[in-house]
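Structure below; questions to follow.
The values are calculated or read from the model by the stated rules, or taken from the named source; none is laboratory data. All values derive from a computational prediction rather than experimental measurement. Virtual Cβ from ideal backbone geometry, glycine too; neighbours counted across all protein chains shown. SASA here: full protein model, heavy atoms, side chains in, ligands and nucleic acids out. Shrake-Rupley method; radii C 1.70, N 1.55, O 1.52, S 1.80 Å.
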Amino acid sequence: MAKVLIGEGGEITEKTARQLVIEDTDRIFEVLPPLAERCYMEADRLDHVAKEASEEAKEQRNRGARLLALFKRYDRLVVGIDTLPGIFTLADYVAEVGPENLGLDEDDAELIRYASAL
């Protein structure tokens, strides 16, 4: 069975079903390599994202561990707190007396400021 096609320039072409299938196959096979390349590029991108996510997960676990360690030091921290005029928050107190004077490091002080802002 033949099919009549009208081209962009108005030309009339008669093609068999086989010819149409072969042309479609050729067209599809032309786009397969670029599609494969796109898939490889997406896989590379996802690998990169997964690596970053894994690193971020590790950082979050470490941060969680530091927060819990800070939580466990509550009693030791409270013992060292003295009354200072105008200081009403732990973050302000740490900033005023310095983290090292409370047995904290700068990362601990940052976590306290972060938690205080919540």
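Return the residues of region 95-112 that are loosely packed, with under 14 Cβ neighbours inside 10 Å and not in a helix (DSSP H, G or I); say none if nothing qualifies.
Taking region 95-112 and keeping what is loosely packed, with under 14 Cβ neighbours inside 10 Å, we get 96, 98, 100-101, 103, 105-107.
Once the filter is applied, which keeps residues that are loosely packed, with under 14 Cβ neighbours inside 10 Å and not in a helix (DSSP H, G or I), region 95-112 yields GLY98, GLY103, ASP105.
To continue, here is another question. Tell me, which residue of region 38-81 that is in contact with a helix residue (DSSP H, G or I) (Cβ under 8 Å, 6 or more places away or on another chain) and modelled with pLDDT under 80 is nearest to ALA115 (Cα to Cα)? Steps first, please.
Of all residues in region 38-81, those in contact with a helix residue (DSSP H, G or I) (Cβ under 8 Å, 6 or more places away or on another chain) come to 63, 66-67, 70, 77, 80-81.
Okay, now just the ones that are also modelled with pLDDT under 80, so 77, 80-81.
Values: LEU77: 15, GLY80: 20, ILE81: 18 Å.
My answer is LEU77.
Scan region 1-42 residue by residue and report those that are among the acidic types (Asp, Glu) and within 35 Å of the chain's Cα centre (by Cα).
Residues of region 1-42 that are among the acidic types (Asp, Glu), as a first pass: 8, 11, 14, 23-24, 26, 30, 37, 42.
Answer for region 1-42, where residues must be among the acidic types (Asp, Glu) and within 35 Å of the chain's Cα centre (by Cα): GLU30, GLU37, GLU42.
Okay, moving on. Please indicate, with yes or no, whether at least one residue in region 35-43 is over 30 Å from LEU104 (Cβ atoms), outside any helix (DSSP H, G or I), free of Cβ contacts under 8 Å to residues at least 60 places away in the same chain and basic (Lys, Arg). Lay out the reasoning, then the answer.
The initial filter retains those residues of region 35-43 that are over 30 Å from LEU104 (Cβ atoms), namely 35-43.
After this cut, where a residue has to be outside any helix (DSSP H, G or I) as well, the list is none.
Within region 35-43 (the criterion being over 30 Å from LEU104 (Cβ atoms), outside any helix (DSSP H, G or I), free of Cβ contacts under 8 Å to residues at least 60 places away in the same chain and basic (Lys, Arg)), the answer is no, since none of the residues qualifies.
Okay, moving on. Given the residues ARG66, ARG18, ARG76, which is the only one that is touching a residue at least 24 places away in the same chain (Cβ under 8 Å), assigned to a helix (DSSP H, G or I) and surrounded by fewer than 12 Cβ atoms within 10 Å (Cβ to Cβ)? Give the derivation first.
Numbers: ARG66 fails: surrounded by fewer than 12 Cβ atoms within 10 Å (Cβ to Cβ); ARG18 fails: touching a residue at least 24 places away in the same chain (Cβ under 8 Å).
Testing whether each residue is touching a residue at least 24 places away in the same chain (Cβ under 8 Å), assigned to a helix (DSSP H, G or I) and surrounded by fewer than 12 Cβ atoms within 10 Å (Cβ to Cβ) leaves just ARG76.
Among the listed residues GLY86, GLY9, identify the single one that is free of Cβ contacts under 8 Å to residues at least 60 places away in the same chain, on the phi > 0 side of the Ramachandran plot and not in a helix (DSSP H, G or I). Steps first, answer last, please.
Working: GLY9 fails: on the phi > 0 side of the Ramachandran plot.
Going through GLY86, GLY9 in turn, the sole match is GLY86.
For VAL49, state whether it is open to solvent by 60 Å² or more (accessible area, probe 1.4 Å), of a type in the set (Val, Ile, Thr) and either without any contact (Cβ under 8 Å) to a residue 60 or more places away in the chain or closer than 30 Å to LEU5 by Cα (or both). Steps first, please.
On the way: open to solvent by 60 Å² or more (accessible area, probe 1.4 Å): yes; of a type in the set (Val, Ile, Thr): yes; either without any contact (Cβ under 8 Å) to a residue 60 or more places away in the chain or closer than 30 Å to LEU5 by Cα (or both): yes.
Yes: the conditions hold for VAL49.
Further, regarding this structure: Give region 79-94 a look and list any residue that's open to solvent by less than 80 Å² (accessible area, probe 1.4 Å) and either among the aromatic types (Phe, Trp, Tyr) or within 21 Å of LEU111 (Cα to Cα) (or both), or say none.
Restricting attention to region 79-94, the residues satisfying the condition of being open to solvent by less than 80 Å² (accessible area, probe 1.4 Å) are 80-81, 84, 86-87, 89-94.
Correct list: GLY80, ILE81, ILE87, THR89, LEU90, ALA91, ASP92, TYR93, VAL94.
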